[in-house]
Structures are given as structure tokens and as C-alpha cells.
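K.L.:
Submitted below is the structure of interest, expressed as C-alpha cells.
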Amino acid sequence: MDIFLTRLFAGMTAGSIYAMIALTLVIVFRSSATINFAQGEFALFTTYVSWWLTERGWNIWVTLIPAVVIGFVLCAAAERFLVRPVRRRDEAAVLIVGLALFTGLNGLSGTIWGSADKVYPRLVPVSVDSFLEIAGARLFYDSLFVMGALVAIVGGITLLMSRTNLGLQMRAVATNQESAGLCGIKVGRVFMISWGLAGAIGAVAAAILVPILPPGQLGLPGMFHMLIFGTVAAILGGLDSIKGAVVGGLSLGVGLAMINGYGSALGGSISLTVALVVVVAVLGLRPSGLFGSKRLERV
């Protein structure tokens with residue numbers, strides 16, 4: 001039982017991180033029907049900014065403020081000046097712009113801060129006794145912090161969507177962009193804010209996950225695998241469903257932890273293989289995901 005619970009806790013921690021990344025993709029897709037493949041590199045860039053400020057004596061928590069602001073501004077500007085102009089011409093061009101942003105931001109981070117890995121401080125310090133013991137298994141405080149951060153982010157998004165005028169506009173645009181525009185909603189403004197919000201959440205998620213996931217350091221390839229798993233979680237839950245992002249992320253994290261733990265006879269980590277199988281299965285059996293809405297078009 002203690003082994004099972006240990007793997008369950010590890011899966012829930014990783015799943016919470018996947019869910020945060022999935023949320024950033026869902027927020028963008030709900031408004032603009034676009035997957036931002038550079039989302040991980042935006043988060044990576046803001047984490048480098050946070051690390052750079054800690055090297056100059058800033059408290060790690062204080063550095064999150066400029067990191068979140070920069071994440072919001074960068075993503076909003078990318079939507080307004082790079083993605084929106086090409087979307088009007090060709091949907092495939094949006095994919096090309098996303099890939100260009102991916103490589104460009106990664107190269108920019110390397111040019112500014114170098115390619116060597118950096119030691120990024122933990123938001124929650126860890127000691128030998130910083131855990132709760134449950135049925136013989138250890139639930140560390142940093143895992144509780146990650147899960148709590150996911151709950152706080154989901155709660156904030158829910159309140160934004162249900163209690164604010166901006167949230168109402170975002171829901172209207174997600175339902176029907178043309179009708180929302182005819183009702184006086186500035187659709188372009190909603191697009192830009194949605195991208196910015198995703199960038200802000202990505203900055204927080206990256207600051208949480210970098211120090212707790214192997215190898216525990218900040219490096220240029222660090223966000224690539226997280227983007228893959230976050231994308232799989234979003235597809236599994238439904239690309240337009242916030243609830244689906246959470247369920248998909250947690251399900252993927254726990255599932256991979258159990259498969260890697262109990263499937264050791266298969267040899268090594270098979271996480272990426274399982275993620276690929278999940279994507280193929282979902283796209284083949286239920287393209288809209290577990291909670292995604294089915295779109296009907298009149299011919």
C-alpha cells in the first residue's frame with residue numbers, strides 16, 4: 001500500500017503540472033481555436049528572467065511578479081502582431097509562426113543567459129522532515145504546494161469566467177466568434193487577453209515545476225517534454241474544456257506514474273510512448289476529448 005500511495009502522490013504532483021500547462025493551451029484554444037506550440041518557450045523565457053533576478057538578490061517569490069507580467073505582455077504581443085495577421089490569410093501559417101516562436105524564444109534565451117543549466121531556487125524549501133506520512137507513504141510539502149497551486153489557478157479562472165464581464169466576453173467568443181462580434185464584443189481584444197492570460201499562468205507553472213522535476217535545474221530543453229505532456233493532457237480532456245484540462249492532466253500523471261512503477265519489466269521510462277498512444281486513441285475514438293464540446297457545422 002505504501003508503494004502504491006507513493007506512486008499515486010508522485011503521479012498527482014506531475015499531473016498537476018501537466019494540468020497547468022494544459023490550462024494555458026485550453027485558454028488560447030477556447031478563444032482563438034489555435035494551439036500555441038510556443039507556450040512552453042514563453043514560460044521558459046519568463047523563468048530565466050526570474051532566475052536572473054534571484055541572482056541579483058531578489059526574493060524568489062518577488063521575482064514572480066515581473067515574470068508573470070512579462071509572460072502576459074509577450075504572449076499578448078505575439079497574438080496581436082504575429083499570429084493575428086497571418087490567421088486572416090491561412091490557418092497553416094499560424095502553425096509556422098508558432099514553430100518559429102518556439103525556436104526563436106529558445107535561441108533568444110540561450111543567447112542572453114547561455115546554454116549551461118542554472119540552479120533555480122524552490123518556492124517551497126525542502127528539508128528531511130518536510131512531509132506528511134500517510135499509511136507509510138510520504139507526501140512532501142512541495143507536492144501539496146503544487147496541487148494547491150493548481151486548485152488556486154482553476155479557482156481564479158472559474159471566478160474570472162463566471163463573475164466578470166471579461167469572462168462573459170471570453171465565453172461568448174469561445175461559443176461563436178461572429179455572433180460575439182455582432183453583439184459589440186471586441187473579438188481581437190479578447191484574443192489578445194486570452195493569450196496574455198495563458199502566458200501569465202505559464203510563467204507561474206514553470207516557476208513551480210522547474211526545481212521539482214528531474215534534473216531540478218533550469219535549462220534550454222527543460223520545457224519541451226512538459227509541453228508534450230501538457231498537450232496530451234489537453235487533448236485527452238478536451239481542448240476547449242477547463243475541467244477537461246484538469247482531469248486530463250491528473251489522469252495522465254497518475255497513469256504514467258503507475259505504468260512506469262509497475263511496468264518496470266518493459267525497461268526504462270515509457271512515458272513518451274504511452275503519451276503517443278493516448279493521443280492516437282483519443283483522436284481516433286473521441287476527437288473532442290473527454291469533456292470537449294462537439295462542433296456542428298451547417299453544410
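The values are calculated or read from the model by the stated rules, or taken from the named source; none is laboratory data. A quick note: this is a predicted structure, and the numbers were derived from the prediction, not measured. In this analysis, Cβ positions are derived from the backbone assuming ideal geometry, glycine residues included, and neighbour counts consider all displayed protein chains. Note: areas computed on protein heavy atoms with side chains; ligands, DNA, RNA excluded. Shrake-Rupley method; radii C 1.70, N 1.55, O 1.52, S 1.80 Å.
K.L.:
Going residue by residue through region 120-140, is there one that turns out to be part of a helix (DSSP H, G or I) and either within 30 Å of Lys243 (Cβ to Cβ) or at pLDDT 95 or above (or both)?
P.N.:
No.
K.L.:
Tell me, please, whether a residue that is surrounded by 15 or more Cβ atoms within 10 Å (Cβ to Cβ), at pLDDT below 90, of a type in the set (S, T, N, Q) and over 30 Å from Thr47 (Cβ atoms) can be found in region 168-176.
P.N.:
Scanning region 168-176 turns up no residue that is surrounded by 15 or more Cβ atoms within 10 Å (Cβ to Cβ), at pLDDT below 90, of a type in the set (S, T, N, Q) and over 30 Å from Thr47 (Cβ atoms).
K.L.:
Go over the candidates Gly196, Gly253 one by one and state the one that is under 26 Å from Leu99 (Cβ atoms) and touching a residue at least 60 places away in the same chain (Cβ under 8 Å). Working first, answer last.
P.N.:
Numbers: Gly253 fails: under 26 Å from Leu99 (Cβ atoms).
One residue alone meets the criteria, Gly196.
K.L.:
Can you list the helices (runs of 4 or more DSSP H) lying wholly within region 1-108 that have 2 or more residues being of a type outside the set (A, V, I, L, M, F, W, C), open to solvent by 10 Å² or more (accessible area, probe 1.4 Å) and touching a residue at least 60 places away in the same chain (Cβ under 8 Å)?
P.N.:
Output list reads 2-32.
K.L.:
Just one of (1) outside any helix (DSSP H, G or I); (2) modelled with pLDDT of 80 or more trips up Leu250, so point out which.
P.N.:
Result: Leu250 passes all but (1).
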